[in-house]
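Colleague: Sending over a structure as structure tokens; questions will come in a sec.
The values are calculated or read from the model by the stated rules, or taken from the named source; none is laboratory data. Remember, it's a predicted structure, so these values are computed and weren't measured experimentally. Methodologically, a virtual Cβ is constructed for each residue, glycine included, from the backbone with ideal geometry; neighbour enumeration extends over all protein chains shown. Only protein heavy atoms, including side chains, enter the accessible area calculation; ligands, DNA and RNA are left aside. Shrake-Rupley method; radii C 1.70, N 1.55, O 1.52, S 1.80 Å.
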Amino acid sequence: MIKLFHWEPNANSGKPILALVEKGVAFESCYTDLLAFDQHTPEYLAMNPSGKIPTMIHDDLVLTESTVIMEYVDDAFEGPPLRPSDPWERWNMRRWCKFLDEYYGPSLSMIGWSIFVGPMVRERDPEELRAALDRIPTPERRKAWEMAIYNLFTEKALAESRRRVAYGAKLIEDALSATPWLAGHSYSLADIDGFNMCYALPLTLPEVASEEAMPNLHRWLREIYARPAVQETWAMGRTQMADRVAYLKS
Ligand SMILES: N[C@@H](CCC(=O)N[C@@H](CS)C(=O)NCC(=O)O)C(=O)O
């Protein structure tokens, strides 16, 4: 029995969904609405005390951390391998995932929370929001939500995040000018991670990631978007975020 607790099929939630679908593994989808604070309910926190999404249940095992869940999925189930067999390419795959998760992702997340998440929840009843904030299990996440809800991101911090994301996008563009996929010659977890982190980049930072400036990035995003597993995964979206991939259809 596999259950995946996830939000929209993007960013960290999109990664394990896509790995499961690529491998043809059946799972029960448990939509966990980040904007309704479903990740802070006592039931969810009993499974994942960090209050972060996603969480995967496999029989009696509880798995957290999206990239490491993808590695588990690749190890535990039949289906096409999602990691290169060549040792250098496998190292390169891990290096990309580490970069995306530890450097690029947090900066992209700050931009996303200031542009999308904050405005989407800010209009709610202030008392309801205060109660939701009080239920957040860790000081770090409570601070992140306060920054988004009360619009406390400074222009300096946002500029630094934009600089980091632009730098990461350029590294991806350069890597994809040499090989078809991020880790080398086969589609891997690095591409799944990268797609989930970068699909909206041409919309979020159009001046940095235009098709003219980054043709390889665009070619790569379109090829990944066209995969049947990605189509199936994105059909699980419930919010207008699903519309954000429309430009990849052209
Ligand atoms: N390192 C974790 C990060 C998970 C994470 O930050 N998830 C975000 C959504 S993309 C989340 O659950 N945020 C909810 C919250 O902070 O309340 C992973 O890769 O699974």
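Colleague: Please say if the chain is rounded, prolate or oblate, where rounded means a/c under 1.5 for a ≥ b ≥ c the square roots of the C-alpha gyration tensor eigenvalues, and otherwise the choice is prolate for a/b larger than b/c and oblate otherwise?
Modeller: In terms of gyration-tensor shape, oblate.
Colleague: In whole Hz, with x marking every Gly and Pro, tabulate ³J(HN,Hα) for region 76-85 from phi via Karplus 6.51 cos²θ - 1.76 cosθ + 1.60, θ = phi - 60°.
Modeller: Values per residue, Gly and Pro as x: 8, 10, 5, x, x, x, 10, 10, x, 7 Hz.
Colleague: With label points built 7 Å along Cα→Cβ from the Cα atoms of residue 154 and residue 43, find their separation and express it in nm.
Modeller: Reported label-point gap for residue 154 and residue 43 is 4.2 nm.
Colleague: Could you sort out which of 52/98; 23/52; 23/98; 52/170; 15/249; 98/156 sit more than 27 Å apart by Cα distance in this structure?
Modeller: 52/170
Colleague: What length, rounded to one decimal in nm, is gained on full extension from residue 140 through to residue 163, with 0.36 nm per residue of separation minus their alpha-carbon distance? Display every interim value, and only then the final one.
Modeller: Working: separation 23, 0.36 × 23 = 8.28 nm, distance 2.30 nm.
So the chain would gain 6.0 nm between residue 140 and residue 163.
Colleague: Which whole-angstrom value gives the distance between the alpha carbon centres of region 164-226 and region 22-76?
Modeller: 26 Å
Colleague: Note down the magnitude of the dipole of the chain about its Cα centre, charges +1 on Lys and Arg C-beta and -1 on Asp and Glu C-beta and zero elsewhere, to the nearest 20 debye. Walk me through the numbers on the way to the answer.
Modeller: Values: 27 positive and 36 negative charges, 108 e Å.
With Lys and Arg at +1 and Asp and Glu at -1, about 520 debye.
Colleague: Another question about this same structure. Sum -39500 (n - 2.57) across every DSSP H segment of at least 4 residues in the chain, then divide by the residue count to get the 222 nm mean residue ellipticity, nearest 500.
Modeller: Helix-only estimate at 222 nm: -15500 deg cm²/dmol.
Colleague: Okay, next question. How much area per residue is accessible in region 82-221 when the probe is 1.4 Å and only protein heavy atoms are counted (Å²)?
Modeller: 48 Å²
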